[in-house]
1. Considering only Gly24, Ser181, Val122, whose Cα is most displaced toward the positive end of the charge dipole of the range 3-185, charges sitting on Cβ of Lys, Arg (+1) and Asp, Glu (-1)?
2. Name the most mobile residue of Met70, Met116, Met26, meaning the one with the largest mean-square fluctuation, in a Gaussian network model of the chain with Cα contacts below 10 Å.
3. Would you mind getting the accessible area per residue of the range 3-185, heavy atoms of the protein chains only, 1.4 Å probe, in Å²?
4. Check each of the chymotrypsin sites (Phe, Trp or Tyr not before Pro) in the range 1-58 and keep only those in coil by DSSP with at most 12 other C-beta atoms within 10 angstrom; list them in order.
5. Starting from 0.36 nm per residue, how many nanometres of slack lie between Glu16 and Lys41 once their C-alpha separation is accounted for?
6. Hey, got a sec? Which GluC sites (Glu not before Pro) in the range 1-93 land in a DSSP loop and have at most 11 other Cβ atoms within 10 Å?
7. Go ahead and set up a Gaussian network model of the chain, Cα springs under 10 Å, then flag whichever of Leu119, Leu74, Leu164 fluctuates most.
8. Rounded to the nearest 500, what is the chain's calculated 222 nm mean residue ellipticity when only DSSP H runs of at least 4 contribute -39500 (n - 2.57) each, over all residues?
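The values are calculated or read from the model by the stated rules, or taken from the named source; none is laboratory data. Computed from a predicted structure; not experimentally measured. Here the Cβ is made from the backbone with ideal geometry for all residues, glycine too, and neighbour counts use every protein chain on show. For accessibility, only protein heavy atoms count, side chains too; no ligands or nucleic acids. Shrake-Rupley method; radii C 1.70, N 1.55, O 1.52, S 1.80 Å.
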Amino acid sequence: MERNEAIAIIKEHLPEKRFIHTLGVMETAIQLAKTYHCDEKQAELAAIFHDYAKYRPAEEMKQIIIKEGMPKELLAFNTEIWHGPVGAVLIKNEIGIDDEDILNAIRYHTTGRPGMTTLEKVIFLADYIEPGRSFPGVEEVRELAKTDLDGAVFRSLQNTIIFLAKKGFAIYKDTLDTYNSFLLKGG
Ligand code: DGI
Ligand code: FE
Ligand code: FE
(Lines give C-alpha, C1' and ligand atoms only; values in the text may rest on other atoms or scores of the structure.)
(Ligands and ions follow the chains in the order given, each with its own letter.)
Protein backbone atom coordinates (compact mmCIF):
# COMPACT_ATOMS: atom_id res chain seq x y z
CA MET A 1 0.00 0.00 0.00
CA GLU A 2 1.25 3.49 -0.89
CA ARG A 3 1.90 6.08 1.79
CA ASN A 4 -0.85 8.48 0.68
CA GLU A 5 -3.50 5.78 0.65
CA ALA A 6 -2.47 4.61 4.13
CA ILE A 7 -2.46 8.16 5.47
CA ALA A 8 -5.93 8.82 4.04
CA ILE A 9 -7.25 5.70 5.80
CA ILE A 10 -5.69 6.36 9.18
CA LYS A 11 -6.86 10.00 9.16
CA GLU A 12 -10.46 8.73 9.40
CA HIS A 13 -9.69 6.70 12.51
CA LEU A 14 -7.83 9.24 14.66
CA PRO A 15 -8.47 12.64 16.20
CA GLU A 16 -6.28 15.49 14.87
CA LYS A 17 -3.72 15.33 17.71
CA ARG A 18 -3.15 11.59 17.31
CA PHE A 19 -2.97 11.98 13.53
CA ILE A 20 -0.16 14.54 13.90
CA HIS A 21 1.59 12.18 16.35
CA THR A 22 1.28 9.43 13.71
CA LEU A 23 2.94 11.57 11.03
CA GLY A 24 5.76 12.27 13.50
CA VAL A 25 6.17 8.55 14.18
CA MET A 26 6.23 7.91 10.42
CA GLU A 27 9.01 10.44 9.73
CA THR A 28 11.03 9.25 12.74
CA ALA A 29 10.59 5.57 11.87
CA ILE A 30 11.78 6.13 8.28
CA GLN A 31 14.85 7.94 9.58
CA LEU A 32 15.59 5.14 12.09
CA ALA A 33 15.05 2.50 9.39
CA LYS A 34 17.71 4.24 7.26
CA THR A 35 20.14 4.43 10.19
CA TYR A 36 19.64 0.84 11.33
CA HIS A 37 19.14 -0.79 7.91
CA CYS A 38 15.65 -2.12 8.01
CA ASP A 39 12.99 -1.89 5.32
CA GLU A 40 11.79 1.70 5.03
CA LYS A 41 8.44 0.77 3.46
CA GLN A 42 7.66 -1.68 6.28
CA ALA A 43 8.65 0.98 8.84
CA GLU A 44 6.47 3.56 7.06
CA LEU A 45 3.35 1.36 7.00
CA ALA A 46 3.80 0.05 10.55
CA ALA A 47 4.21 3.62 11.82
CA ILE A 48 1.15 4.91 9.95
CA PHE A 49 -1.09 2.18 11.39
CA HIS A 50 0.52 1.68 14.83
CA ASP A 51 -2.27 3.46 16.78
CA TYR A 52 -5.11 2.29 14.49
CA ALA A 53 -7.12 0.74 17.35
CA LYS A 54 -6.40 3.42 19.96
CA TYR A 55 -9.90 4.90 19.90
CA ARG A 56 -11.94 1.72 19.65
CA PRO A 57 -14.38 1.29 22.51
CA ALA A 58 -12.87 -0.74 25.39
CA GLU A 59 -15.71 -3.26 25.11
CA GLU A 60 -14.94 -3.93 21.43
CA MET A 61 -11.23 -4.40 22.23
CA LYS A 62 -12.10 -6.72 25.11
CA GLN A 63 -14.21 -8.95 22.86
CA ILE A 64 -11.37 -9.18 20.31
CA ILE A 65 -8.87 -10.10 23.05
CA ILE A 66 -11.18 -12.93 24.17
CA LYS A 67 -12.13 -14.11 20.67
CA GLU A 68 -8.52 -14.17 19.44
CA GLY A 69 -7.32 -16.10 22.48
CA MET A 70 -4.89 -13.39 23.55
CA PRO A 71 -3.46 -13.63 27.10
CA LYS A 72 -6.38 -13.24 29.53
CA GLU A 73 -4.18 -11.25 31.90
CA LEU A 74 -4.23 -8.37 29.39
CA LEU A 75 -7.78 -7.67 30.58
CA ALA A 76 -6.66 -6.99 34.14
CA PHE A 77 -4.39 -4.17 32.95
CA ASN A 78 -4.98 -0.61 31.89
CA THR A 79 -6.82 -0.48 28.53
CA GLU A 80 -3.84 1.56 27.22
CA ILE A 81 -1.96 -1.67 26.50
CA TRP A 82 -4.78 -3.23 24.45
CA HIS A 83 -4.57 -1.17 21.25
CA GLY A 84 -1.32 -2.75 20.00
CA PRO A 85 -2.40 -6.41 19.96
CA VAL A 86 -5.98 -5.50 18.98
CA GLY A 87 -4.71 -3.14 16.28
CA ALA A 88 -2.63 -5.90 14.68
CA VAL A 89 -5.78 -8.05 14.32
CA LEU A 90 -7.97 -5.22 13.03
CA ILE A 91 -5.40 -4.01 10.50
CA LYS A 92 -5.14 -7.49 9.08
CA ASN A 93 -8.92 -7.98 8.91
CA GLU A 94 -10.07 -4.47 7.97
CA ILE A 95 -7.15 -3.09 5.93
CA GLY A 96 -5.82 -6.37 4.56
CA ILE A 97 -2.19 -5.90 5.59
CA ASP A 98 -0.86 -9.40 6.18
CA ASP A 99 2.88 -8.76 6.48
CA GLU A 100 3.61 -10.39 9.86
CA ASP A 101 6.69 -8.19 10.39
CA ILE A 102 4.52 -5.09 10.15
CA LEU A 103 1.75 -6.64 12.27
CA ASN A 104 4.24 -7.63 15.00
CA ALA A 105 5.75 -4.14 15.07
CA ILE A 106 2.22 -2.83 15.70
CA ARG A 107 1.32 -5.64 18.13
CA TYR A 108 4.32 -4.94 20.38
CA HIS A 109 4.69 -1.18 19.96
CA THR A 110 3.54 -0.34 23.51
CA THR A 111 5.19 -3.10 25.56
CA GLY A 112 7.99 -4.47 23.40
CA ARG A 113 8.84 -8.17 23.71
CA PRO A 114 12.05 -10.10 24.34
CA GLY A 115 13.96 -10.67 21.12
CA MET A 116 12.38 -7.75 19.24
CA THR A 117 13.28 -7.46 15.55
CA THR A 118 14.99 -4.30 14.31
CA LEU A 119 11.68 -3.18 12.77
CA GLU A 120 9.89 -3.69 16.11
CA LYS A 121 12.57 -1.64 17.89
CA VAL A 122 12.34 1.10 15.27
CA ILE A 123 8.56 1.47 15.70
CA PHE A 124 8.75 1.24 19.50
CA LEU A 125 11.41 3.93 19.60
CA ALA A 126 9.86 6.19 16.94
CA ASP A 127 6.63 6.19 18.99
CA TYR A 128 8.61 7.31 22.03
CA ILE A 129 10.82 10.04 20.47
CA GLU A 130 8.76 11.52 17.60
CA PRO A 131 9.06 15.33 17.51
CA GLY A 132 5.71 15.88 19.27
CA ARG A 133 6.83 14.09 22.44
CA SER A 134 8.03 16.36 25.24
CA PHE A 135 8.24 14.34 28.46
CA PRO A 136 11.29 14.32 30.78
CA GLY A 137 14.16 12.23 29.46
CA VAL A 138 13.03 12.21 25.82
CA GLU A 139 15.93 14.40 24.67
CA GLU A 140 18.48 11.95 26.06
CA VAL A 141 16.75 9.08 24.24
CA ARG A 142 16.71 11.13 20.99
CA GLU A 143 20.48 11.53 21.26
CA LEU A 144 21.01 7.82 22.02
CA ALA A 145 18.77 6.88 19.11
CA LYS A 146 21.27 8.39 16.65
CA THR A 147 23.94 5.79 17.44
CA ASP A 148 22.60 3.05 19.73
CA LEU A 149 19.23 1.47 18.89
CA ASP A 150 19.25 -1.05 21.75
CA GLY A 151 20.48 1.54 24.25
CA ALA A 152 17.68 3.90 23.24
CA VAL A 153 14.98 1.23 23.42
CA PHE A 154 16.27 0.11 26.80
CA ARG A 155 16.27 3.67 28.15
CA SER A 156 12.68 4.22 26.92
CA LEU A 157 11.56 1.06 28.70
CA GLN A 158 13.40 2.09 31.86
CA ASN A 159 11.76 5.55 31.78
CA THR A 160 8.30 4.07 31.12
CA ILE A 161 8.63 1.53 33.94
CA ILE A 162 9.77 4.22 36.40
CA PHE A 163 6.91 6.48 35.28
CA LEU A 164 4.31 3.73 35.70
CA ALA A 165 5.72 2.56 39.04
CA LYS A 166 5.73 6.13 40.43
CA LYS A 167 2.06 6.41 39.50
CA GLY A 168 1.37 3.06 41.15
CA PHE A 169 0.23 1.41 37.91
CA ALA A 170 0.66 -2.31 37.27
CA ILE A 171 3.42 -3.10 34.79
CA TYR A 172 2.64 -5.69 32.13
CA LYS A 173 4.80 -8.80 31.95
CA ASP A 174 5.96 -8.15 28.36
CA THR A 175 7.23 -4.70 29.39
CA LEU A 176 9.25 -6.12 32.30
CA ASP A 177 10.45 -9.14 30.31
CA THR A 178 11.67 -6.86 27.51
CA TYR A 179 13.49 -4.63 30.00
CA ASN A 180 15.15 -7.68 31.58
CA SER A 181 16.03 -9.17 28.21
CA PHE A 182 18.23 -6.19 27.36
CA LEU A 183 20.11 -6.57 30.64
CA LEU A 184 20.42 -10.36 30.60
CA LYS A 185 21.14 -11.18 26.98
CA GLY A 186 21.60 -7.90 25.16
CA GLY A 187 18.07 -7.52 23.78
O1 DGI B 1 -0.35 5.03 22.03
P2 DGI B 1 0.69 6.07 22.39
O3 DGI B 1 0.18 7.02 23.45
O4 DGI B 1 1.26 6.77 21.22
O5 DGI B 1 1.92 5.30 23.06
P6 DGI B 1 1.96 3.81 23.63
O7 DGI B 1 1.30 2.86 22.70
O8 DGI B 1 3.40 3.54 23.97
O9 DGI B 1 1.07 3.85 24.94
C10 DGI B 1 1.58 4.47 26.01
C11 DGI B 1 0.69 4.22 27.19
O12 DGI B 1 0.73 2.86 27.60
C13 DGI B 1 1.20 5.05 28.32
O14 DGI B 1 0.08 5.65 28.96
C15 DGI B 1 1.87 4.07 29.24
C16 DGI B 1 1.10 2.81 28.96
N17 DGI B 1 1.91 1.59 29.20
C18 DGI B 1 3.01 1.16 28.55
N19 DGI B 1 3.48 0.02 29.09
C20 DGI B 1 2.64 -0.31 30.09
C21 DGI B 1 1.63 0.68 30.16
N22 DGI B 1 0.64 0.67 31.07
C23 DGI B 1 0.62 -0.35 31.95
N24 DGI B 1 -0.34 -0.37 32.87
N25 DGI B 1 1.55 -1.34 31.95
C26 DGI B 1 2.58 -1.38 31.04
O27 DGI B 1 3.41 -2.28 31.06
FE1 FE C 1 0.21 3.33 20.90
FE1 FE D 1 1.69 6.12 19.27
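1. Looking along the dipole axis, the top candidate is Ser181.
2. With Cα springs under 10 Å in the chain, the top fluctuation among Met70, Met116, Met26 is at Met70.
3. 49
4. Tyr55
5. Roughly 6.6 nm would be gained on extension.
6. Filter output for the range 1-93: Glu2, Glu12, Glu68.
7. The residue that fluctuates most here is Leu164.
8. On the way: 10 runs with 118 residues, N = 187.
After summing the helix terms and dividing by residue count, I get -19500 deg cm²/dmol.
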